[in-house]
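Encoded as structure tokens, here's the structure I'll be asking about.
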Amino acid sequence: MIERLKKSSLMFWSLEILIVVGIIAVCTKISFLFSPIAIFISTIFVPIILAGFLFYMLNPIVNLIMKIKLGPKKHISRTWAVSLVFILLVGVIVFAAVAFLPKLSEQVTTLLNHVPDAATSTQNTVQHWLNQLNDQQFVKELDLTSITDKIEKNITSYANSILKGVTSGVGSIVSTATNVVIVAITTPVVLFYMLKDGYKLAPNIKRFLPAKGRDQIMELLEKMSDTLSKYIGGQMIECLFVGTFTAIGYFIIGLDYALLLGVIAGICNIIPYLGPYIGIFPALAISLSSGSWMSVVYNIIVVLIVQQIDGNFVYPNVIGKSLQIHPLTIIIILLAAGNIAGIAGMILAIPLYAVVKVVVSYLYNIFHLNPKETS
């Protein structure tokens, strides 16, 4: 009987589960030991993630510069190529700061000062439209008073909460500014060494791998890196395209704060599928505050045109079908990730899922389609 229990799979998995539960219980009792590790990881997480994103964007440019010939058998070294890319990056940042930052700062200040007036104007506009709707015969029998009262209360409460958040969040603003400065200092340093010595990582990893599966593991790592590179580089091009042409479209239709709204649309486009719908809300609010139906219609037309061009021409060419993720799957992932980790989760969920999918597909092809080679 005892020997039978020892050989039983039920006994084996029961013991495994008990061991895992015991480890978790012990870890909860000594959680204070892990707090320094958590603080360390949270401190370096943001600079490494930002540097990683920039690495995948700038590394192709570094490799392209290194192909430039200085003589019959001499090329630009990697260190000089990285330095040139850094100079180019600083030049772009300085140009953007000089050309756009003053105007953007002015629009942000003006918008914050006009939030109460815009909220009141939007409330009056919505009330006017609802009054016109009440005059229609098919809605006279409906009681819309409660709905309009809720709309008025919500608009007023939202405006008040925005003002309170701006006035009472001085401490958090200072803390955030400090963290931003730290990240701004550490990220370029991490990025420089990633670009300079990143190519050494793969050979060093290969040295520690077993000879039997070394080539397969390196091929998998190369596919994972290629997937991340295509997604991150393509996503940045998409955001730049959407932000630029949305701002141009808003400027053409005469919408206030066109540059600021274009920047918001570009940033929101980082979130696939749901981002454009999030980015249009501020523009619609400003259009509503103008009191014109046509401004709202023009706003929607601009967004539809930009998204159609992006979806039919830009996205297929810069990202293509490399991810091969169904839109419904992306929406489900975004909803779950947003509920778990907020905006950061929604931004990181898709590339993480793409990498995991590459790993699973590769392992499936090895162990299922080629059983003879793996045995």
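Are any of the pairs LYS67/LYS196; LYS67/LYS357; LYS223/LYS357 more than 21 Å apart by Cα-Cα distance, and if so, which?
Table pairs above 21 Å Cα-Cα are LYS67/LYS357.
Another one. Figure the gain on full extension for PHE281 and PHE192 (residue separation times 0.36 nm, minus the Cα-Cα span) and round it to one decimal in nm.
Between PHE281 and PHE192, full extension yields an extra 28.3 nm.
Is segment 248-297 rounded, prolate or oblate when judged by the Cα gyration tensor, a ≥ b ≥ c being the square roots of its eigenvalues, rounded requiring a/c under 1.5 and prolate requiring a/b larger than b/c?
Prolate, since a/c reaches 1.5 and a/b exceeds b/c.
At a Förster radius of 35 Å, what calculated FRET efficiency corresponds to the Cβ-Cβ distance of ILE331 and ALA184, to the nearest 0.05?
0.55
Let me ask something else about it. Taking 0.36 nm per residue of sequence separation and subtracting the Cα-Cα distance, how much length would be gained by fully extending the chain between ASN317 and THR43, in nm to one decimal?
In short, 95.0 nm is gained.
At 0.36 nm per residue, and after removing the present C-alpha to C-alpha distance, how many nm does the segment from LYS206 to VAL21 gain when stretched out fully?
Gain in length upon complete extension: 63.1 nm.
Taking the Cβ-Cβ separation of ILE87 and ASP226 as r and a Förster radius of 35 Å, what is the calculated FRET efficiency to the nearest 0.05?
Efficiency, from the Cβ-Cβ distance: 0.80.
Right, here's the next one. Residue by residue, what Karplus-based ³J(HN,Hα) values in Hz, rounded to whole numbers, does segment 82-87 have, using 6.51, -1.76 and 1.60 with θ = phi - 60° and x for Gly and Pro?
Each residue's phi maps through the Karplus curve to give 5, 4, 5, 5, 5, 4 Hz.
Order ASP226, ASP310, ASP197 by their accessible area, 1.4 angstrom probe, all chains in place, largest first.
Output order, biggest surface exposure first: ASP226, ASP197, ASP310.
Taking R0 as 22 Å, what FRET efficiency do you get between ILE248 and ILE343 from their Cβ-Cβ distance, rounded to the nearest 0.05?
0.25
The values are calculated or read from the model by the stated rules, or taken from the named source; none is laboratory data. None of these values were measured; they are calculated from a predicted model. Quick reminder, even Gly has a Cβ in these numbers, built from the backbone with ideal geometry, and neighbours come from all protein chains shown. The accessibility values were calculated without ligands, DNA or RNA, using every heavy atom of the protein model including side chains. Shrake-Rupley method; radii C 1.70, N 1.55, O 1.52, S 1.80 Å.
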